[in-house]
Amino acid sequence: MNATLLRDLLDKYMSETASPQERAQLHTLLQNDDYSRVLAGIIDDDLGRQHYDNAPDENIRQQLLDRIMPVIQHGVSYSEILPAAAHSIMPQETGLAAISRKEQVAATTLSHKALSAPVVTMRRRLQRMAYAAAILLLFVSTAVWLKWPLHKPQEQPAIAIAAIPPGRNGAILTLADGSTILLDSAANGAVASDANGTITKTADGSLVYIAGNGFAGTGAQLFNTLRTPPGRQFNVVLPDGSKVWLNAASTLRYPTAFAGNERLVSLTGEAYFEVTSNSSRPFKVQSPGQLVQVLGTHFNINAYANEPLTNTTLLEGSVSVTALPFDSIAGQTLKLQPKLLLPGQQSQRNTAGGLAIVHADVQQSIAWKEGLFSFKKADLRAIMRQVERWYQVQVAYERNPGGETFTGKIGRNLSLQELMEGLAFTHVKYRIEPGNKIVIE
C-alpha cells in the first residue's frame, strides 16, 4: 500500500491536473478498504493543521469522508462540484458545500448515512446555512487540497443584515430633457419617446429603442443615460440593435440615434456588450482611461473607479483598445497606439497608464451576467468591493485583511446574511453597524 501515491493522486484530482488514467487509478484505489482508511488518515492530518475555535471532532472527519468518496468514485470532476447560480441543496446536506446535480445523485445514499445520530447536532447548527453553503467552496488558495475551512463560524449579530436582500433588476433612465424614469416600477410598454423613436420596456425587463429614422443618422443628436444604482442591474437594446447588460453601480450614456460615421457610447462601471456588425460605422466605448473600438463582437468591460485595473475581455470577434488620459472626454481625438485583442484575451489598463494584454478567464469575467460571483485568487478587499456594489452596503476594515486569497463561485441570489454567514466559515470575522455598514474585524 502506497500512501504517498494516494496523496499525489488526490492532489492532482483537486488541482484538476489528473489525467483520465490517474483518475481511474484513484477510483480503483478507493475501492480498497485499506486505501479508504489511508484517506481517513490524510483527513485527520489536514484537520490537525487547521485553525479551529474548537478542536475538530469525528463529525467533521466523517462528513469529509462521506463527501469525498462518492464524488471521486462516481467520476465527478472537481470543477463540476462548483455550484451553479441557484442549485438547491438536499435536505440532508450538512453545509460543507453546495453540490452539482450529478453529484447529488451520486452522493444521496452516503449522505443519508452521514446523518446518523452523531451528526445531527452539527446538522441543526448548519441548517440555516442551506443557501450560504455554496460559499464554502471558497478556500484559501495557499492551502492543500482538503483545506476549505470547516471550523464553526462565529456567532454574528442579526441586526439589520437579515433584511438586506440580493440585488435585482432595475435602473434609472435620464432622458435628453433631464427628466428621469425609475424603470424598477415602470409599467411594460412605451415609457418615453423623442424625435428619434420610442423607448419601450419589455416583459422580460429590457429597455428597447425602436428607432424611427435613428440609425439612418438623420435624427437629432439626443443623449440618454441609463444608470444602475448599487444593488441593481439592467439591459438595454440600443437604436442600432446592439445589446448591453449593465452590472450594479454602472452608467451608460448613449445617443438615441447614431449619427455620423461612428457609434460612440460612454461607460463607467461594468457592462457586457453584444454589438451589431456595421463595418462602415464602428462601435466605440469610452470609459475612464481607455477607448474600445469594434465592428461587431461580444465583450465585457469592467471600469469601476475603485478597482485597480480597467479590464476589457473579448469573447467573440476582435476589438482594439487604446489607453487614454483619465481626463480625456468622449469623442476627443488623440494620436495614441491601440492594441488589438483576440477572443480569449483581456486588456488591463492600470492607473499609471500602462496597457497589458493577458490570457482571460472568460467565464469569470462574465459570471456576474450569469448570476454568479466568481473569484480566482481574490483577496478579501476585492470580494467585499463586489459585496458593496451588489448589496448596497458600506465595508470598513479594523485591520489589514492580510494576504489570504480565495477561489470559488457564489450565487448572487443569496441574501447578505447568507453570504456573510458563509464567509464566517473562512475565518472572516465581522460585525454589523447601523446604516448597513459591515466592519471586518
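The values are calculated or read from the model by the stated rules, or taken from the named source; none is laboratory data. The structure presented is a predicted model; accordingly, all values stated were derived computationally and were not measured. When we count neighbours, we look across all protein chains shown, and the Cβ atoms used for this are built from the backbone with ideal geometry, even at glycine.
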- For Arg389, indicate whether it is without any contact (Cβ under 8 Å) to a residue 24 or more places away in the chain, in a helix (DSSP H, G or I), closer than 21 Å to Asn247 by Cβ and of a type in the set (Lys, Arg). no
- Note on the structure: Of the residues in segment 235-265, those that are more than 20 Å from the chain's Cα centre (by Cα) and of a type in the set (Ser, Thr, Tyr) come to Ser242, Tyr254, Thr256
- Message: Quick check on segment 266-278. Is at least one of its residues of a type in the set (A, V, I, L, M), closer than 20 Å to Val237 by Cβ and in a strand (DSSP E or B)?
- Response: yes
- Regarding Val358, is this residue in a strand (DSSP E or B), modelled with pLDDT of 95 or more, more than 15 Å from the chain's Cα centre (by Cα) and in the same structural domain as Gly296 (by TED's automatic domain parsing)? yes
- Item | Output for segment 171-188, where each listed residue is of a type outside the set (A, V, I, L, M, F, W, C), in contact (Cβ under 8 Å) with a residue 24 or more places away in the chain and closer than 11 Å to Lys201 by Cβ | Asp184
- Note on the structure: Of those in segment 373-417 that are among the aliphatic types (A, V, I, L, M) and modelled with pLDDT of 90 or more, the residue farthest from the chain's Cα centre (by Cα) is Ala396
- Hits in segment 347-369 (condition: over 18 Å from Ser318 (Cα atoms) and surrounded by 14 or more Cβ atoms within 10 Å (Cβ to Cβ)): Gln364, Ala367, Trp368, Lys369
- Task: Within segment 247-265, count every residue that is assigned to a strand (DSSP E or B) and farther than 15 Å from Arg232 by Cα.
- Result: 6
